[in-house]
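Participant: I'd like to ask some things about the structure below.
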Amino acid sequence: MKLHNLLIGTGLTALLLGCGSIIPRASEEDLLQYRKMELANAPQAVSCLKEGEYLIPDAVLDIYARIVDPRPTTFWSGGPVAGTIDYNRLQGQESEFLLKLGEKGYSKKESQVFYTILSTPGNIFFKQSESREESFPETVLHERVHKEFNRLNPLEQVKVRQAYEELRKRAPPDGLGLYIDDKLKYHGFVTMAVDLNWKEFFPYLAQGALEDYVEEALKQEFPEAYDLFLGVKEKAKVECGNERTQFPTHFP
């Protein structure tokens with residue numbers, strides 16, 4: 001069956017075909033309306049967010065995750081809880097993304113908003129269910145650190161990696177496990193994440209998830225990398241407010 005026939009009745013025909021192969025992006029007004037809807041539904045969580053940071057429905061984010069990386073073991077527990085858009089991973093897969101949103105009952109306008117958010121480099125997204133967690137500000141900090149780290153120049157990133165690699169080779173003070181280890185409450189997950197991907201080093205260090213001796217060693221022995229860490233952490237700091245404003249809870 002042709003794609004055009006599949007789209008009939010989904011409300012997405014015009015979205016996909018109205019402008020050739022180019023997907024219309026949501027307007028600033030629609031993005032603002034979406035922000036107002038977010039604020040109505042999760043005022044405390046949204047008070048922690050800046051421009052370009054959005055809460056995304058769990059179902060939408062799971063669709064996005066499986067499209068951009070269909071490997072069954074890519075994400076634990078069914079999908080990512082947050083992420084930073086460093087480039088448009090939906091390029092070439094827009095039709096599939098929009099079709100699956102239509103199958104979930106999302107309108108043309110909602111689909112445009114989600115597509116725009118998740119295809120715009122520099123944006124940060126969070127799963128809506130994650131916004132109800134007590135640790136949500138910590139998650140926001142983690143993703144902002146990723147974003148700010150990506151803005152470091154290549155030489156600065158090399159300095160950080162060199163420090164990470166040096167620390168990674170060491171034995172911890174008690175002689176057991178890995179040197180770059182997490183605190184007990186993280187149950188080894190952070191240790192695994194940082195060991196698999198060195199770019200998780202700064203985000204988890206900023207969260208205070210790693211053992212204190214790791215930051216102390218970075219400070220004492222790798223002052224240039226530590227200064228970069230402090231700069232990134234300062235730019236990524238999270239401030240949450242308490243204001244509650246009434247806005248519409250759905251798109252008009």
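The values are calculated or read from the model by the stated rules, or taken from the named source; none is laboratory data. On a predicted model such as this, the values are computed, not experimentally measured, just so you know. Cβ sites come from the backbone with ideal geometry, for glycine too, and all protein chains shown count toward neighbours. These area figures cover heavy atoms from the full protein model, side chains too; ligands, DNA and RNA do not enter into them. Shrake-Rupley method; radii C 1.70, N 1.55, O 1.52, S 1.80 Å.
Participant: Taking the stretch 172-183, which residues are open to solvent by less than 80 Å² (accessible area, probe 1.4 Å), part of a loop (DSSP other than H, G, I, E, B) and at negative phi?
Facilitator: Across the stretch 172-183, the qualifying residues are PRO172, LEU178, TYR179, ILE180, ASP181, LYS183.
Participant: Among the residues of the stretch 30-41, is any touching a residue at least 60 places away in the same chain (Cβ under 8 Å), small (Gly, Ala, Ser) and part of a helix (DSSP H, G or I)?
Facilitator: Yes, the stretch 30-41 contains a residue that is touching a residue at least 60 places away in the same chain (Cβ under 8 Å), small (Gly, Ala, Ser) and part of a helix (DSSP H, G or I).
Participant: Report, by residue number, each residue of the stretch 184-225 that is crowded, with 18+ Cβ neighbours inside 10 Å and outside any helix (DSSP H, G or I).
Facilitator: ALA209, LEU210, GLU211, PHE222
Participant: Go through SER111, SER107 for me and flag whichever is farther than 23 Å from PHE149 by Cα, open to solvent by 30 Å² or more (accessible area, probe 1.4 Å) and touching a residue at least 40 places away in the same chain (Cβ under 8 Å).
Facilitator: It is SER107.
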